[in-house]
1. Can you figure out the FRET efficiency of Asp48 with Asp73, using R₀ = 25 Å and their beta-carbon distance, to the nearest 0.05?
2. Shape verdict for region 67-191, please, from the Cα gyration tensor: rounded (a/c under 1.5), prolate (a/b greater than b/c) or oblate.
3. For the chain, what is the calculated [θ] at 222 nm in deg cm²/dmol (nearest 500), taking -39500 (n - 2.57) for each run of four or more DSSP H residues and dividing by its residue count?
4. How large is the accessible surface per residue of region 1-41, computed with a 1.4 Å probe and reported in Å² as a whole number?
5. Report, for the chain, the % of DSSP beta bridges that are antiparallel, rounded to 5.
6. Where only protein heavy atoms count, and the probe is 1.4 Å, what is the accessible area per residue for region 89-239 in Å²?
7. Could you pull out every one of the lysines with an alpha carbon less than 22 Å from that of Lys124, ignoring same-chain neighbours closer than 8 positions?
8. How many nm is it between the label spots at Glu26 and Thr223, if each spot is 7 Å from the Cα in line with the beta carbon?
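The values are calculated or read from the model by the stated rules, or taken from the named source; none is laboratory data. Not measured: the values here are computed from a predicted model. Every residue, glycine among them, receives a Cβ derived from its backbone with ideal geometry; neighbour counts consider all protein chains shown. For the accessible areas, the whole protein counts, side chains as well, though only heavy atoms, and no ligand, DNA or RNA atoms are used. Shrake-Rupley method; radii C 1.70, N 1.55, O 1.52, S 1.80 Å.
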Amino acid sequence: MRVADKATMARVAAERLLTRIDANPERVAICLTGGSSPRQLYQLLASDAYRDRIPWARVHWFIGDERDVPPGDPLHNMTMARQAFLDACAPAANIHPIPTDASGPEAGAADYQRALQAFYGDAKLDPARPLFDLVLLGIGPDGHVASLFPGFPAIEVTDRWVVGVDKAHVAPFVPRISLTLPALASCRTMLFEVGGADKRAIMSRVLTGEDLPANRARSLQETIVLIDADAWPEGQSGV
């Protein structure tokens with residue numbers, strides 16, 4: 001879906017998120033993303049226009065990937081989300097960061113997988129009962145999603161929910177911890193936000209169907225891709 005600019009993209013994403021929350025009267029699970037794309041969305045959720053529309057007590061917040069750096073580090077994805085809106089709005093018990101104080105990314109991945117399975121109530125994902133109500137994702141300059149990089153082994157993992165990623169394909173070149181494609185797919189809605197002229201080249205490759213993580217990450221139910229005018233490739237048709 002083509003949108004005018006990043007501000008419009010944030011508003012459309014916020015409304016989609018609220019629609020998904022409203023559709024579930026019980027406990028809600030949202031999987032956040034890092035990077036620059038969601039920052040405006042996160043700030044919007046903390047604004048007067050949206051804050052009172054979210055039933056914070058029953059919404060739980062997870063994250064799709066994390067850089068293996070301490071909380072508070074400028075590179076730490078959940079720290080960005082916490083500073084933008086979570087700490088001001090969400091109960092602390094409803095915020096579920098990926099642990100980065102374990103002995104390396106594999107240990108952190110194992111810890112987070114156990115936490116997700118405890119929340120879900122099973123060690124096996126059921127297609128009829130998604131793990132998440134909504135998964136937010138961006139698309140990296142190489143077509144990666146979360147920390148699943150093209151050509152790297154983690155993109156092929158199907159028997160785990162979370163994996164350690166020893167090497168990043170793009171900056172910052174720090175180890176990562178990432179949900180796998182099956183875990184990300186276990187959602188009612190997968191919502192991509194892609195904005196900025198620096199994403200135009202990779203979106204040309206994505207929209208032509210190249211075999212990239214961005215084209216392999218799909219919800220079992222609904223997938224929505226929001227692309228602003230700056231990121232939209234010239235000559236590419238679309239709405």
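1. On the way: r = 30 Å, r/R0 = 1.21.
Result of the calculation: an efficiency of 0.25.
2. Details: a/c = 1.35, a/b = 1.04, b/c = 1.29.
Verdict is rounded for region 67-191.
3. -7500 deg cm²/dmol
4. On the way: 1910 Å² over 41 residues.
About 47 Å² of surface per residue is accessible.
5. 30
6. On the way: 6310 Å² over 151 residues.
Heavy-atom SASA per residue in region 89-239 reads 42 Å².
7. Output for Lys124: empty list, no partners.
8. Reported label-point gap for Glu26 and Thr223 is 2.7 nm.
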